[in-house]
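For reference, the structure discussed in these notes is given below.
The values are calculated or read from the model by the stated rules, or taken from the named source; none is laboratory data. Being a predicted model, the structure only gives us computed values, none of them experimental. Note that each Cβ is placed from the backbone with ideal geometry, even for glycine, and that neighbours are counted across all protein chains shown.
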Amino acid sequence: MTGPNQDEASVVPETDPLGQSLRVAADHRRSRRAQRVRKFGLSFAVLLIALGIWWLVTRFALVPALYLPSPAAVWDAFIQANTCRELDSGRSVCGEQNYYMWEHLIASMQRIAVGVGVAIALGPLVGFLMGSIEWLNTALEPYLNFLRSLPPLGYIGLLIVWFGIGNTSKYWLLFLAAFPPIVIATINGVRGVREDSIHAARSMGASRWQVGRYIVLPATLPEVIGGIRIAVGFAWTTVVAAELNAGIPGIGGLAYVSGQQLQTALTIACIIVIGLAAVALDALLKHLGTLLVPWYGRA
Amino acid sequence: MSFTLDEVSQRYITDSGEVVHALADTSLHVPAGQFVCVVGPSGCGKTTLLKILAGFLRPTGGQARVNDSLITGPSWERGVVFQQANLYPWLTVRKNVELGLKFRGVGAAERRETGQRCLDLVGLAGFEDQKTYELSGGMQQRAQIARVLANDPEIILMDEPFGALDALTRERLQMDLLQISRERRKTIFFITHSVEEAVFLGDRVLVMSPRPGRVVLDEPVTISQQYGRVLPGKELRSTPEFVALRDRIADTIYTGQAPA
C-alpha cells in the first residue's frame, strides 16, 4: 500500500497544494476501498464457515440427507433446475415443473412488481393525506394497523374465493402486504418534517398547497423510500404464501411444491435464490435511495 | 412598516399540566425603519414574542398588529431568519434563495436576477449551485439571510441569527445587516444573547426577564446621534457611552430589574 503512495509523493512536490489535495483524496479513496474489502472479507468468512459446518454435518451423515442434503446436492438441484436433461424413458425434460428456475423467479418478480407497484403508486398518496389531515388519520389509522397485523396466509383463501385462483388474488395479496408499511412510513415522514422548515416557507409567502408540494413532499421522500424497501422485503416473505395455490411458475410455488415432493435439495436451492434475489433488489433500492435523496443524514 | 403589541400575553399548558406564563402583558410600538434588539436570559419570552410577530403563534391575550391590521398568520412581508439556517437540502443554494419569489409567482428571469444580487450581497457568489449541506455553518446562515432578503420583506424578524458563527463572520454579517437596514429602511426585530451585539446594532434595546416574560428595560441607543455621525465599529465600541450602556444592560439582565 505504501509503494504507490511514495511514488506519487516523489512525483508531486510537497509544496504544490493541488498535488497535495489530490494525494489526500487518493489516500482517502484507498482507505475507503481497504475498509470495504475488510467488511466484505468478514461477511464472506461467515459464509465460508456456515458452508463448512453444513458440509461437515452432511459429510458425516449426522442428519439424514432427506432432511439436510449436502451443499453439492443443492448445487446439483440448482443446475438441474436451470438445464434440460434426458429421462430414462428417452423423453427430454427442461427445468423443474416445466419451467427453468429463472422463469420461476421472473414470474414471482412480476407478481411482486404488480402488487408492490400499485402499493408504491397509492401508498405515499394515502400516507400523505393521512399525515396532513388529522381527522382522516384518526378515521383510518386503526384499520391500517388491523390490516398490517394480518398474516397473509390467513386471508389468501379469502382472496382466492373473491378473485379466483389466478394471478389477481396473488397481486392483491402482495399489494395488501406492501401497502401498510409504505403508508405508515409516509405518515411518519410527514409528521417528522421540522416545524421551522414549514414556518420558514410560510413566512416566505408559501400557501398551504405550496408548503405541501415544495417542502413536505421532498422532505418526506427519505421515509417513503425506506417504506418501499420494507414493503419489498415484506413482498418477498409473502410471495410463498401467494404462490401456495397454483403458484407455478413462481419461485415461491416451486419451493412449496418441491418441499411437498420431498425434493429437499431443490427447496433449499429455491430458498437461497429467493434470499439472494431479495438482497440484490434491496441493494438496488438502497442505491436508488442515495441517488434520489443524497442529503439523507447530512442535512 | 411598523408593528404594535397591545397587552399581548402568552400562556401555555405543558404536558404535565402546568400553566406557563411565557409572556406577561406586553405593549410595544416599533416604528417603521427601527432596528430593535432584544436581549435576555433563556426562557424570557423573546422567541415567543418573535413567533407572535411572525404569525406562527396566536397570542392568548391582547393584539399584535402590523401597521393597523391584525396579525393572523405568517406573511412574506415579515421575513424570519431562524437560529438554524433551515435551508432545504433538496434545492441548490440558488434555488433556496429564489424560493420565496417562486412562491409569490415572480417570473424566472426576475427571480434569477434578484437571487443573484442577494447572494452577491452576503458573499456567496460562486456557491450558487452548491448543495446546501456542503456549505459551512456560516455560509448556510448567510444563504438563509439572502433567502429572506430576496423576498424584500418590510419587517425582518431575526432569532439569534449570528449565535453559531465565528467572530469574524459574525462581525462581517453585522456590518452587512447594518448597511441593509440603513439603506432599505427595514424594520428589524433582532434577538441576541450578546449585549455587545445588541448595543452595536440596535437603535433601541429591549431587555426581557423571565417568569413571566416581560420587558424590563427599553433603551434607545443614541450614540451615533450624540457624536453626529455613524461611528465605525471599533471606535463605537470603545466610546464611554457604549461601555456605559452595555454595562447598564448587562446589569439589568443579571438582576432582572430595571436599574434605579
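Criterion applied to A:Ile187, A:Ile156, A:Ile165 was being crowded, with 20+ Cβ neighbours inside 10 Å, under 18 Å from A:Ala241 (Cα atoms) and of a type in the set (A, V, I, L, M), and the one residue passing it is A:Ile156.
Would you be able to tell me the number of residues in region A:50-72 that are assigned to a helix (DSSP H, G or I) and under 17 Å from A:Gln263 (Cβ atoms)? Don't jump to the end; show me each part of the working.
Here is the first cut: in region A:50-72, the ones assigned to a helix (DSSP H, G or I) are A:50-59, A:71-72.
Right, trim to under 17 Å from A:Gln263 (Cβ atoms) and you get A:58, A:71-72.
Selection size over region A:50-72: 3.
What do you reckon, is A:Ile79 within 26 Å of A:Leu276 (Cα to Cα), in a helix (DSSP H, G or I) and touching a residue at least 40 places away in the same chain (Cβ under 8 Å)? Judged against the criteria, A:Ile79 is not a match.
Please work out which residue is farthest from B:Asp152 (Cα to Cα), limiting yourself to region B:62-77 and to residues that are more than 13 Å from chain A (Cβ to nearest Cβ) and exposed (fewer than 15 other Cβ atoms within 10 Å of the Cβ). Reasoning before the result, please.
First, pick out the residues of region B:62-77 that are more than 13 Å from chain A (Cβ to nearest Cβ): B:62-65, B:67-70.
Next, from what is left, pick out any that are exposed (fewer than 15 other Cβ atoms within 10 Å of the Cβ): B:63, B:67-70.
Working: B:Gln63: 25, B:Asn67: 17, B:Asp68: 20, B:Ser69: 20, B:Leu70: 21 Å.
Step by step, filter region B:62-77, then rank; the result is B:Gln63.
The sole residue among B:Val80, B:Val148 that is within 30 Å of B:Thr4 (Cβ to Cβ), out of contact with any Gly (no Cβ under 9 Å at 6 or more places or on another chain), at the interface with chain A (Cβ under 9 Å from one of its Cβ atoms) and crowded, with 18+ Cβ neighbours inside 10 Å is B:Val80.
B:Thr48 meets the conditions (1) in a loop (DSSP other than H, G, I, E, B); (2) surrounded by 13 or more Cβ atoms within 10 Å (Cβ to Cβ) in every case but one. The failed one is (1). Checked against the criterion of being modelled with pLDDT of 90 or more, surrounded by fewer than 23 Cβ atoms within 10 Å (Cβ to Cβ) and more than 10 Å from chain B (Cβ to nearest Cβ), the candidates A:Ile230, A:Ile198 yield just one match: A:Ile230. Among the residues of region A:215-227, the ones that are more than 17 Å from the chain's Cα centre (by Cα) and either of a type in the set (Val, Ile, Thr) or crowded, with 24+ Cβ neighbours inside 10 Å (or both) come to 3 in all. Applying the set (1) part of a strand (DSSP E or B); (2) within 14 Å of another protein chain (Cβ to nearest Cβ) to B:Ser27 leaves exactly one unmet item: (2).
Selection of region A:40-65 for residues being touching a helix residue (DSSP H, G or I) at 6+ places or on another chain (Cβ under 9 Å) and surrounded by 10 or more Cβ atoms within 10 Å (Cβ to Cβ) yields A:Leu51, A:Trp54, A:Trp55, A:Thr58, A:Val63, A:Ala65. You will find that of A:Ala235, A:Ala219, A:Ala265, the residue that is at pLDDT 90 or above and more than 21 Å from A:Tyr296 (Cβ to Cβ) is A:Ala235 and no other.
Any chance you could count how many residues in region A:245-262 are of a type outside the set (Ser, Thr, Tyr) and either surrounded by 20 or more Cβ atoms within 10 Å (Cβ to Cβ) or within 18 Å of the chain's Cα centre (by Cα) (or both)? If you could, list the steps in order and put the result at the bottom.
To start, the set of residues in region A:245-262 that are of a type outside the set (Ser, Thr, Tyr) comprises A:245-255, A:257, A:259-262.
Subsequent filtering for residues that are either surrounded by 20 or more Cβ atoms within 10 Å (Cβ to Cβ) or within 18 Å of the chain's Cα centre (by Cα) (or both) retains A:247, A:249-255, A:257.
Number satisfying all stated conditions: 9.
Yes or no: A:Cys84 closer than 24 Å to A:Pro249 by Cβ, loosely packed, with under 12 Cβ neighbours inside 10 Å and without any contact (Cβ under 8 Å) to a residue 24 or more places away in the chain? Yes: the conditions hold for A:Cys84. Scan (1) in contact with a Gly (Cβ under 7 Å, 6 or more places away or on another chain); (2) over 30 Å from A:Phe179 (Cα atoms); (3) small (Gly, Ala, Ser) for the single condition A:Ala107 breaks and write down its number. Every condition holds for A:Ala107 apart from (2). Checked against the criterion of being closer than 16 Å to A:Gly259 by Cα, touching a His at 6+ places or on another chain (Cβ under 9 Å) and at pLDDT below 85, region A:73-86 contains one or more residues that satisfy it.
Against the numbered list (1) surrounded by fewer than 18 Cβ atoms within 10 Å (Cβ to Cβ); (2) touching a helix residue (DSSP H, G or I) at 6+ places or on another chain (Cβ under 7 Å), B:Leu101 comes up short only at (1). Checking each residue in region B:86-138 for being more than 9 Å from chain A (Cβ to nearest Cβ) and within 13 Å of B:Val148 (Cβ to Cβ) picks out B:Asn96, B:Val97, B:Glu98, B:Thr114, B:Gly115, B:Cys118, B:Leu119, B:Leu121, B:Val122.
For first residues located in region B:175-194 and assigned by TED's automatic domain parsing to the domain that holds B:Met208, partners that are surrounded by 15 or more Cβ atoms within 10 Å (Cβ to Cβ) and of a type in the set (Ser, Thr, Tyr) and lie 6+ apart or on another chain with Cβ distances below 6 Å form the pairs B:Ile188/B:Ser181.
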